[in-house]
């Protein structure tokens, strides 16, 4: 059974254990990366394709001869033409709940860094401000406690719920925006979990001190955070995005930070990854704008869990009991 992993280095820089995957697919071929022009040739004769971020569209899927299973090393499916895969009889499976702890850690790292102005204090320290101070402390940048603050969450999936739970541990008030997916029905699993107050999107952005994004990128949510939205946010509010870069209008965000319409932002995702040197968010440097290179998910334990979940998906498929299918 020919199996290819199109972009293995996006998951493993050399610190993971492949034994579970190789037990299921001993002849697996690992490609560090795959350019768009290489994708079709590499999947043409593969029965199983493991993929993280490589785009597999209609052209690639209509010209593959043997592919029966595509395993995504992620939860998001926007890089796969799911309808074409379904028409071609190709099962597409994702993985879920593999990086929750890692993402939650990163969200609160970002929140605390902004609330404590860590970057600004580091810059002051490097400039010698502490040595020159006549006091034992520096108080030039405001620091705020999280207790009693309101966090607004957009997207109440596994990650959104985990962030909400951690926020409560900090003594925060949690409110959840109404869903932008009108077709989504509340599942019995959702009903069994702790309910959080749902509020209109406009109410959420107007009342929240912190906003954390955990929703998918759709036609309804693309550039959802635009100039008008930032104008309606609190002046002391911060926004954290570990979901998809396209949820935020880059120029609107820069305008909001430059004009102090909001207090700051921490972005782990951009609309172009990797970004070009002329990307607006890379070009402009603000101490209240934190950008990290899509690493919220990337704790070693989470990446190992991802590989092991892929092995489970393949094993279930070979046993004619596929799990985590996203294109039924």
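Summary of computed values
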quantity: Single residue of the stretch 54-89 satisfying the filter (surrounded by 21 or more Cβ atoms within 10 Å (Cβ to Cβ) and farther than 24 Å from residue 245 by Cα) that is modelled with the lowest pLDDT; calculated: 64
quantity: So residue 285, is it out of contact with any helix residue (DSSP H, G or I) (no Cβ under 8 Å at 6 or more places or on another chain), modelled with pLDDT of 95 or more and either exposed (fewer than 14 other Cβ atoms within 10 Å of the Cβ) or closer than 22 Å to residue 53 by Cα (or both); calculated: no
quantity: Answer residue from the stretch 1-29, given it is touching a strand residue (DSSP E or B) at 6+ places or on another chain (Cβ under 8 Å) and surrounded by fewer than 17 Cβ atoms within 10 Å (Cβ to Cβ) and is farthest from residue 318 (Cα to Cα) among those; calculated: 29
quantity: Residue in the stretch 155-167 that is modelled with pLDDT under 95, over 22 Å from the mean Cα position of the chain (by Cα) and assigned to a loop (DSSP other than H, G, I, E, B) present; calculated: no
quantity: Residue check for residue 207: surrounded by fewer than 19 Cβ atoms within 10 Å (Cβ to Cβ) and touching a strand residue (DSSP E or B) at 6+ places or on another chain (Cβ under 7 Å); calculated: yes
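The values are calculated or read from the model by the stated rules, or taken from the named source; none is laboratory data. Small disclaimer: the values here were computed from a predicted structure and weren't measured. Every residue, glycine among them, receives a Cβ derived from its backbone with ideal geometry; neighbour counts consider all protein chains shown.
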